[in-house]
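The values are calculated or read from the model by the stated rules, or taken from the named source; none is laboratory data. Values in this document were obtained by computation on a predicted structure and should not be read as measured data. Note that we place each Cβ from the backbone using ideal geometry, even for glycine, and neighbour counts take in every protein chain shown. The protein model used for the area step is the full one, side chains on, heavy atoms only, and it has no ligands, DNA or RNA in it. Shrake-Rupley method; radii C 1.70, N 1.55, O 1.52, S 1.80 Å.
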Amino acid sequence: DFDHVVEALLNTAVDLDSLDPDSVLDERWIKEVVTRSGMKFRWAKLSESRERANKDARRRPPADPSSLKPRPPVVTIMGHVDHGKTTLLDSLRKSQIISTEAGGITQHIGAFLVQLPTGEKITFLDTPGHAAFSSMRARGANATDIVVLVVAADDGVMNQTVESIQHAKKAKVPVIVAVNKCDKPHADPQRVKQELLAHDIVCEEFGGDVQSIHVSALKGDNLLALAEATVALAEVLELKAEPTGAVEGRIIESRTDKGKGPVTTVIIQRGTLKRGCVLVAGKSWAKVRFLFDENGRVVTEAGPSAAVEVVGWKEQPSAGELLLEVESEQRAREVTEWRSYEEELQKLQEEQGAIENKQKLHLEEYRKERAGLEHLTWRQRKRVKYKANRTQYATRPSEKIQSDEPCLPIIIKGDVDGSVETLLNIVDSYEAEQQCQLDVLHFGVGDISENDVNMAATFTGSIYGFNVAASKSIQQLAERRGVPLRLHKVIYRLVDELKDELSSKLPAIV
Ligand code: GDP
């Protein structure tokens, strides 16, 4: 049973030369054993380093409620295509309700901050649509506190409106409805709110608790009311975080900048990020060199709910990854190394599974092959196999050559199929005449290989080659391992030598 053999081999040091020839069923299988033993070795090394200590960085325990401070809401805009999500984001960005003078050109960094005249802040994630929202969620990154659902008043509830509602519900994120395009002559905001009832979005005028604001994203009408509604909902939600302690956050965007190298936008969820902080995210780490806002201005620090661009990454982290501050660069290296080990370990486990499946297939294949050849002698089987797959060596028969007769193990190599075939025929006919078993370990086309020499050495055999060569290193190997190399260019010389060798094995005639 192959698995049994493999297990036995894996549990001892693998020395291919010491294998019982009858257990070695197929060259492919030997390869599997070697692969698996190598894998087991790597695995053992990995597990060892893994066990030394759990080196991963983790979130801090929940904060003491007394250290929590109110924080701004993080908002995602969702809705059906063409209902005005992008337009709304653009006008919010440019609108007068942003009290801080923007000055520079606003860049797309994945989020931007809106500040009301009263001082309250809102962070808008500026990738609209539920694709981004759900891909973040799939990574366990629920970065959003509130969803602004945009519905065009001239179009009403559509497919993606419904999908957006479902996403928000699944994520347990409350919704504010922005009834958009109210400047249009055919706008019918009432109809929109009625249609939403069917999807469990009950607006205030229907006795529910969902705020709805009539806006025109294009004209910038009523954006302040939308912002105020958002802030009001945030107050109800009592969004809080601690502005002190080790930083935690989420990567919402990751890109490479020609000048700055890997750049990420992060949303801070706990603590306050400053220059010089050491961060880890996935398998990457950073010593923060610069922080920028969406206007490309340097900021000195970023607290909870702020979105900032972080420069200083050694490698590119992925969007969605958890961001954690660690105490030192040394610690960051340790964490990322440990995570890489973890990943490799997982890969190994998958590889191992794949190999086991492959082995099962081999075993089945081998059994099938055998079943069809049961009535043939082993040499006939080898021929059948050889013909079926001329490029591959035939394999050693699994049944023992039963005899007390002297035995001459040989490997036959030829320059072309025809010559190998001829040699095999000659060997067959000689065997019939002689009282000596000729055991053809291997036959095939091509120059003498290291495999041939190792095989011959294992079975104390000789190699016969017709019109083939053996490189200097192969010759040296053969000499070292005591394998006779008998290479000929004339077939009867080869046959003569074979005869001589056979005779020398025969017992002296009494
Ligand atoms: P998105 O696919 O949801 O991001 O929609 P867009 O923001 O790209 O808007 C789709 C189209 O609707 C564009 O031609 C916008 O100019 C237009 N649009 C968006 N908001 C308004 C609005 O408030 N009033 C009017 N009349 N047109 C709008």
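Structure data summary
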{"item": "Debye log10 I(q)/I(0) at q = 0.09, 0.21, 0.24 Å⁻¹ for region 199-302, Cα point scatterers", "result": "-0.40, -1.10, -1.29"}
{"item": "Calculated from backbone phi, Karplus (6.51, -1.76, 1.60) coupling profile of region 276-289 in Hz, x at Gly/Pro", "result": "x, 4, 9, 10, 10, 8, x, 9, 10, 9, 9, 10, 5, 8"}
{"item": "At most 13 other Cβ within 10 Å, DSSP loop - GluC sites (Glu not before Pro), region 212-306", "result": "E238"}
{"item": "Evaluated at q = 0.26, 0.28, 0.29 Å⁻¹: base-10 log I(q)/I(0), Debye formula over Cα of region 286-328", "result": "-1.19, -1.30, -1.33"}
{"item": "Accessible surface, region 142-228, averaged per residue in Å² (probe 1.4 Å)", "result": "46 Å²"}
{"item": "Estimated FRET transfer efficiency when R0 is 60 angstrom, pair A198-K314 (beta carbons, to 0.05)", "result": "0.70"}
{"item": "Residue-span extension gain [L348 to S473] - 0.36 nm each, minus C-alpha spacing", "result": "41.5 nm"}
{"item": "Gain upon complete extension [D90, T460; 0.36 nm per residue less C-alpha separation]", "result": "125.0 nm"}
{"item": "Sulfur and carbon atoms: percent of accessible area, region 291-358 [1.4 Å]", "result": "43 percent"}
{"item": "Potential lengthening between E238 and N425 on full extension [0.36 nm per residue; Cα-Cα distance subtracted]", "result": "58.3 nm"}
{"item": "Spin-label model distance (nm) - R331 vs Y492, 7 Å beyond Cα toward Cβ", "result": "8.7 nm"}
{"item": "Inter-label distance, nm, simple model (7 Å from Cα along the C-beta direction), A171/D64", "result": "3.3 nm"}
{"item": "All Cα pairs of region 138-234, percent lying beyond 19 Å", "result": "40 percent"}
{"item": "Amide H partners (placed H, <5 Å) of L323, local residues excluded", "result": "G249, R250, I251"}
{"item": "Ranked order, L88, L233 - accessible area, probe 1.4 Å, largest first", "result": "L233, L88"}
{"item": "Computed label-point distance, nm, for sites L224 and D257 using a 7 Å Cα→Cβ extension", "result": "3.4 nm"}
{"item": "Long-range amide H partners of A241 with built H, under 5 Å", "result": "K69, R71"}
{"item": "Selection from L291, G207, A234, by position along the positive dipole direction of region 197-308 (Cβ)", "result": "L291"}
{"item": "Members of K55/K274; K170/K347; K69/K169; K169/K283; K69/K274; K94/K121 lying beyond 22 Å, as alpha-carbon distances in this model show", "result": "K55/K274; K170/K347; K69/K169; K169/K283"}
{"item": "In sequence order, calculated HN-Hα J values of region 209-214 (Karplus, 6.51, -1.76, 1.60; Hz; x Gly/Pro)", "result": "10, 8, 6, 10, 10, 8"}
{"item": "Residues with amide H under 5 Å from that of N180, placed H, sequence gap 5 or more", "result": "V151, A152, A153, V215"}
